[in-house]
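The values are calculated or read from the model by the stated rules, or taken from the named source; none is laboratory data. Computed from a predicted model, the values in this text were never measured in an experiment. Every residue, glycine as well, gets a Cβ built from its backbone with ideal geometry; the counts of neighbours run over all protein chains shown.
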Amino acid sequence: MAVSARARGWAAIVLAAYAALAVFLLLVPRPIDSGITPWLRGLIATVQREGRLPGWFDYEFVEYASHSVLFIPIGILAVVAVGRRLAWLAVLAVLLLGAAVEYAPLLVQRDHVTSDVDLLLNELGVLVGAVIGFWALGAPPARERPDLA
């Protein structure tokens, strides 16, 4: 399925807006979930006691998973915005964005603690999103496919 120029344009606009929001959320000097952390911990514990969640699904799991989940749409939108031919460049750019938002706070906050695990999870989200975006673009038109004969 070929993606129209208009759809690519919208993907680029949504990507810019979503990436700006993600960068803001990641660069806020205090944890963005600090107000709901006790409530979320309590909710997870209650659902676990009822047997509807496994023991490994705890607050820390949610916190770590959120890093990847936040970056999946960025990977999808980047690939769709630039198309199949330049997808590798889009992936490289958003991988660098993921690293930048993890380490940028060091420039302004001396007490900021960076996490290589968080960085790895950011990058994993980008790559999963890129694969989904590449899949969403569908097979390349026949003229782009290499001749196997």
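May I ask you to verify whether Pro73 is modelled with pLDDT of 90 or more and either part of a loop (DSSP other than H, G, I, E, B) or at positive phi (or both)? Here the answer is no, as Pro73 does not meet what is asked. When region 56-72 is limited to residues that are buried (at least 19 other Cβ atoms within 10 Å of the Cβ) and free of Cβ contacts under 8 Å to residues at least 60 places away in the same chain, the one that is farthest from Leu40 (Cα to Cα) turns out to be Phe71. Answer yes or no as to whether Leu124 is loosely packed, with under 14 Cβ neighbours inside 10 Å, in a helix (DSSP H, G or I) and aliphatic (A, V, I, L, M). It is false that Leu124 is loosely packed, with under 14 Cβ neighbours inside 10 Å, in a helix (DSSP H, G or I) and aliphatic (A, V, I, L, M). Being closer than 30 Å to Pro140 by Cβ and either hydrophobic (A, V, I, L, M, F, W, C) or loosely packed, with under 13 Cβ neighbours inside 10 Å (or both) holds for only one residue in Leu107, Leu97, and it is Leu97. The set of residues in region 95-106 that are part of a helix (DSSP H, G or I) and touching a residue at least 60 places away in the same chain (Cβ under 8 Å) comprises Leu97, Val101, Glu102, Pro105. For region 76-92, filtering for residues that are assigned to a helix (DSSP H, G or I) and surrounded by 15 or more Cβ atoms within 10 Å (Cβ to Cβ) leaves 10.
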